[in-house]
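Taking it in order: structure first as structure tokens, then the write-up.
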Amino acid sequence: MLWITAAWGACFVAIEWGLRDAPLLWFAALRAVVAGAALLALGGLQHRPGPTGRRAWGLLTVLGLVNVTVAFAAMFAGVAGGAAGTAAVLANAQPLLILLPAWWMFGERLSLRTAAALVVGFAGLVLVALPGGGGRGAALSLLAAAAVTAGTLLSRRLAGLDLVTATAWHLLIGGAGLVLLAAAVEGAPVISWTPRFVVSLLFLALVGTAATTVAWFTEARHSRLDTLTAWTFLTPVFGIALASLALGERPGGWTAVGLAAVLMAMWAALHPPRRPPAPAVRVASPERRDGDRRPGRAHPRRPGERHHT
């Protein structure tokens, strides 16, 4: 989770750089298509099985449209409409958004501490989303967080499918949706293939999407969703730090207060209180024929037997 969140935090800086050379939706579409093609090629080299059956393809289609088409479009637009550091916080509000659905769908109960963290976290999100702390990009980043949350919940249904090929196809399906959306909204792509754009695109596609999505779906299969997603509180930390170093952004005023509240809420959800250990129950052992040695009871010595201390 450390390298996953570090890569996700760096994605917001890479998006900021890449948007200087490419239209928003076409950049998002290229990210998804390149990532899906790379994973599909890897699956072919390793002779991994592909998805079969209507249920599998239906699930991958819904997952691709939600987790890629909607999430990527809103994420890129959120960065374009506000500060990259603020977008990193709002687009990674998944730990706070997933708690109630995880309880309802998978029976992962909420503690009072986690519920309190939920309230504090959403209060922090409101502060970050104020016009001075994100403007139009705040709402789009929250939409991206909701879409990613839905994608994480849907990924639990991928049991029985190879994760590499399933991830590849859902990225390609979502990327195709982005291509159609980009063509309708932005027209023909006008892209400057500068070294900066190529490096940004390759990092976003191969590291920030292909590798991290496979790792994330793998963890989502066998981990509690509240504990797993709480790790993503590190993503905005990395995002804000990198945006400060690379882009010169500095959060201030109520935005800083909101960021602190969000991070505190995520930390509280990640570190539940420890329960006291149950008292040990002493079970008496059955008596032996030559006498039992119980605490506080002297063991009779046999004639001629020496006593050793």
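Of note:
- Gain upon complete extension [L245, A41; 0.36 nm per residue less C-alpha separation]: 69.9 nm
- Positive-end residue, the range 2-270 charge dipole about Cα centroid, Cβ charges, pick of L118, H222, V33: H222
- Residue among L154, A144, V190 farthest towards the positive dipole end of the range 2-270, charges placed on Cβ: L154
- Rg of the Cα atoms in the range 2-270, relative to 2.2 N^0.38 Å, amounts to 0.96.
- Potential lengthening between W254 and W57 on full extension [0.36 nm per residue; Cα-Cα distance subtracted]: 66.4 nm
Any read-out appearing in this document is the output of simple, stated calculations on the displayed coordinates, not a laboratory observation. Not measured: the values here are computed from a predicted model. Here the Cβ is made from the backbone with ideal geometry for all residues, glycine too, and neighbour counts use every protein chain on show.
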